[in-house]
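Trainee: Next up is a structure, given as structure tokens.
The values are calculated or read from the model by the stated rules, or taken from the named source; none is laboratory data. Please read all numbers here as calculations on a predicted model, not as lab measurements. Here the Cβ positions follow ideal geometry from the backbone for every residue, glycine too, while neighbour counts run over all protein chains shown.
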Amino acid sequence: MVTVDEVRKAQRAEGTATIMAIGTANPPNVYDQSSYPDTYFRMTNTEHMTQVKNKMQRICDKSTIKKRYTYTTEEVMKENLNINSYRAPSLDTRQDMAATLIPELGKEAVTKAIEEWGQPNSWVLIYLLTESCMLYQQGCNGGGTVLRIAKDLAENNKGACVLIVCTEITLVGFHCPTETDVDLLVSHSLFSDGSAALIVGADLIPGVENPIFELISTAPTLVPNSVGAICGSIREHGLTFHIGKEVPDLISNHIENRLIEVFHPLVRKNSTEDGLKTTGEGSEWGVLFGFGPGLTIETLVLHSVSIA
């Protein structure tokens, strides 16, 4: 008689969930962060709001962001006046545009990830396109959430490969500025458009599949007494954000371990170009944090791979 333990062992992979490929994509429109307030106030016909513009300029200057990619342009605003009018009903317009742009951008990122994975198209049909799990409106911690789910799927389903696609389109939450809505300035200074695709699996085929990062452990945390610190709402006039001024303190007070390295799709390319020994810019261990509504903190421990 077969035991439960034998059944569960047969179902599970023996190895650790590992990122095997990463692909990214951005819209063609790119703006310099340092001059983005000029662009934003021009496209929204609010250049007369000089004090508000100066406030946004200070936020952009302190953001450490260098450039931003977006589908939101002056042409789009001229063609969709309801989006460019504060709190005007426009959700259908925004959603119709997003329904086209999100799959296009996601497809580009997926194509790059599959090319980096390097396996035949027949493998894609067999290993990647059999089951799906959809997550919507996850917030800024969404990348950590899907990696946590991918780890569970890869390690608990023998032979499985998991294709992750995360896409951000800020057009759904684009609004013209006002004298009082500081949350709007913050969100428009920090967020832009892009897509990332990753392929995750366990029990890699030696010499065929190449590891980038191993996903050692994952843990979501809901910070106590943080209700309303970060939140978003879908309204007839689009998506609205609130990011409370208490958020930095809430985060710093609930992270015990120092952030070893920031995870970025380009990190292993920099490592190779700079002659470093691992995909983690020379470091063996790293931590990926994701912060989002809740206040939620996603924590992932990553192990880099030797490339020396």
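Trainee: Which condition number in (1) over 22 Å from residue 166 (Cβ atoms); (2) at pLDDT below 85 is the one that residue 227 fails?
Mentor: (2) is the only condition that residue 227 fails.
Trainee: Is it true that some residue in segment 118-130 is under 19 Å from residue 193 (Cα atoms), in a loop (DSSP other than H, G, I, E, B) and within 23 Å of the chain's Cα centre (by Cα)? Give the derivation first.
Mentor: So in segment 118-130, the residues under 19 Å from residue 193 (Cα atoms) come out as none.
No, segment 118-130 has no match at all.
Trainee: Could you run through segment 183-224 and say how many residues are over 21 Å from the mean Cα position of the chain (by Cα), at negative phi and at pLDDT below 90? Let's see the steps before the verdict.
Mentor: As a first pass, look at segment 183-224 and keep what is over 21 Å from the mean Cα position of the chain (by Cα): 202-210, 224.
This time we only want the ones that are at negative phi, so: 202, 204-206, 208-210, 224.
This time we only want the ones that are at pLDDT below 90, so: 204-206, 208-210, 224.
The qualifying residues number 7.
Trainee: Return yes or no: is residue 84 in a loop (DSSP other than H, G, I, E, B) and either at pLDDT 95 or above or crowded, with 17+ Cβ neighbours inside 10 Å (or both)? Explain how you work it out, then say what you get.
Mentor: Working: in a loop (DSSP other than H, G, I, E, B): yes; either at pLDDT 95 or above or crowded, with 17+ Cβ neighbours inside 10 Å (or both): yes.
Criteria met by residue 84.
Trainee: State yes or no: is residue 6 without any contact (Cβ under 8 Å) to a residue 12 or more places away in the chain and in a helix (DSSP H, G or I)? Talk me through it step by step, then tell me what you get.
Mentor: Numbers: without any contact (Cβ under 8 Å) to a residue 12 or more places away in the chain: yes; in a helix (DSSP H, G or I): yes.
Spelling it out, residue 6 is indeed without any contact (Cβ under 8 Å) to a residue 12 or more places away in the chain and in a helix (DSSP H, G or I).
Trainee: Determine whether residue 75 is assigned to a loop (DSSP other than H, G, I, E, B) and either over 24 Å from the mean Cα position of the chain (by Cα) or surrounded by fewer than 16 Cβ atoms within 10 Å (Cβ to Cβ) (or both).
Mentor: Values: assigned to a loop (DSSP other than H, G, I, E, B): no; either over 24 Å from the mean Cα position of the chain (by Cα) or surrounded by fewer than 16 Cβ atoms within 10 Å (Cβ to Cβ) (or both): yes.
So residue 75 fails the test.
Trainee: Of the numbered conditions (1) in contact with a Leu (Cβ under 8 Å, 6 or more places away or on another chain); (2) in a strand (DSSP E or B), residue 220 fails exactly one; give the number of that condition.
Mentor: Against the list (1) in contact with a Leu (Cβ under 8 Å, 6 or more places away or on another chain); (2) in a strand (DSSP E or B), residue 220 comes up short only on (1).
Trainee: While we're here: Got a sec? Which of 36, 40 is touching a strand residue (DSSP E or B) at 6+ places or on another chain (Cβ under 8 Å), farther than 30 Å from residue 216 by Cβ and either at pLDDT 95 or above or assigned to a helix (DSSP H, G or I) (or both)? Give the steps one after another, and end with the answer.
Mentor: Values: 40 fails: touching a strand residue (DSSP E or B) at 6+ places or on another chain (Cβ under 8 Å).
Just one listed residue meets the conditions, 36.
Trainee: Taking residue 102 as the residue in question, decide whether it is of a type in the set (A, V, I, L, M, F, W, C), over 24 Å from residue 39 (Cβ atoms) and touching a strand residue (DSSP E or B) at 6+ places or on another chain (Cβ under 8 Å).
Mentor: Numbers: of a type in the set (A, V, I, L, M, F, W, C): yes; over 24 Å from residue 39 (Cβ atoms): no; touching a strand residue (DSSP E or B) at 6+ places or on another chain (Cβ under 8 Å): yes.
So residue 102 does not fit the description; no.
Trainee: Scan segment 87-101 for residues that are in a helix (DSSP H, G or I) and of a type outside the set (D, E, K, R) and jot them down. Step through it out loud before you land on a result.
Mentor: In the first step, residues of segment 87-101 are kept if they are in a helix (DSSP H, G or I); the result is 91-101.
Selection gives 91, 93, 95, 97, 98, 99, 100, 101.
Trainee: Which one is surrounded by the fewest Cβ atoms within 10 Å (Cβ to Cβ), of the residues in segment 163-172 that are of a type outside the set (Ser, Thr, Tyr) and part of a strand (DSSP E or B)?
Mentor: If we filter segment 163-172 for residues that are of a type outside the set (Ser, Thr, Tyr), which is where we start, we get 163-166, 168-169, 171-172.
If we keep only those that are part of a strand (DSSP E or B) too, we end up with 163-166, 168.
Working: 163: 20, 164: 21, 165: 18, 166: 18, 168: 16.
Per the stated criteria, the residue is 168.
Trainee: If a residue has to be surrounded by fewer than 18 Cβ atoms within 10 Å (Cβ to Cβ) and either under 21 Å from the mean Cα position of the chain (by Cα) or at pLDDT 85 or above (or both) to count, how many in segment 266-280 make the cut?
Mentor: Applying the first criterion (surrounded by fewer than 18 Cβ atoms within 10 Å (Cβ to Cβ)) to segment 266-280 yields 266, 269-270, 272-275, 277.
Of the ones still in play, those that are also either under 21 Å from the mean Cα position of the chain (by Cα) or at pLDDT 85 or above (or both) are 266, 269-270.
Qualifying residue count, segment 266-280: 3.
Yes/no matrix, rows are residues, columns are (1) out of contact with any strand residue (DSSP E or B) (no Cβ under 9 Å at 6 or more places or on another chain); (2) within 22 Å of residue 195 (Cα to Cα); (3) in contact (Cβ under 8 Å) with a residue 12 or more places away in the chain:
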residue	(1), (2), (3)
17	no, yes, yes
21	no, yes, yes
44	yes, no, yes
57	yes, no, yes
71	yes, yes, yes
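Trainee: Anything in segment 179-238 that is among the polar types (S, T, N, Q) and surrounded by 22 or more Cβ atoms within 10 Å (Cβ to Cβ)? List them, or say none.
Mentor: Going through segment 179-238, the residues among the polar types (S, T, N, Q) turn out to be 180, 187, 189, 192, 195, 210, 217-218, 221, 225-226, 233.
Scanning segment 179-238 gives 189, 192, 195.
Trainee: Okay, moving on. Please go through segment 173-209 and pick out each residue that is within 30 Å of residue 10 (Cα to Cα) and in a strand (DSSP E or B). Lay out the reasoning, then the answer.
Mentor: Here is the first cut: in segment 173-209, the ones within 30 Å of residue 10 (Cα to Cα) are 197-209.
Answer for segment 173-209, where residues must be within 30 Å of residue 10 (Cα to Cα) and in a strand (DSSP E or B): 197, 198, 199, 200, 201.
Trainee: What are the residue pairs meeting all of these: first residue in segment 148-159, first residue more than 7 Å from residue 13 (Cβ to Cβ), second residue in a loop (DSSP other than H, G, I, E, B) and hydrophobic (A, V, I, L, M, F, W, C), Cβ atoms under 7 Å, and 6 or more apart or on different chains?
Mentor: Matching pairs, first to second residue: 149/133; 150/17; 151/17; 153/160.
Trainee: Which of the residues spanning segment 207-227 are of a type outside the set (Ser, Thr, Tyr) and touching a strand residue (DSSP E or B) at 6+ places or on another chain (Cβ under 7 Å)? Working first, answer last.
Mentor: Taking segment 207-227 first, the residues of a type outside the set (Ser, Thr, Tyr) are 207-216, 219-220, 222-225, 227.
Those that are of a type outside the set (Ser, Thr, Tyr) and touching a strand residue (DSSP E or B) at 6+ places or on another chain (Cβ under 7 Å): 209, 210, 211, 212, 213, 214, 215, 216, 219, 220, 222, 223.
Trainee: Mind listing just one residue for me: the one in segment 145-162 that is within 24 Å of residue 26 (Cβ to Cβ) and in contact with a Ser or Thr (Cβ under 9 Å, 6 or more places away or on another chain) and, of those, surrounded by the most Cβ atoms within 10 Å (Cβ to Cβ)? It would help to see each step written out before you state the result.
Mentor: Initial filter on segment 145-162 (within 24 Å of residue 26 (Cβ to Cβ)): 145-147, 150, 162.
Okay, now just the ones that are also in contact with a Ser or Thr (Cβ under 9 Å, 6 or more places away or on another chain), so 145, 147.
On the way: 145: 19, 147: 25.
Of everything passing the filter in segment 145-162, 147 is surrounded by the most Cβ atoms within 10 Å (Cβ to Cβ).
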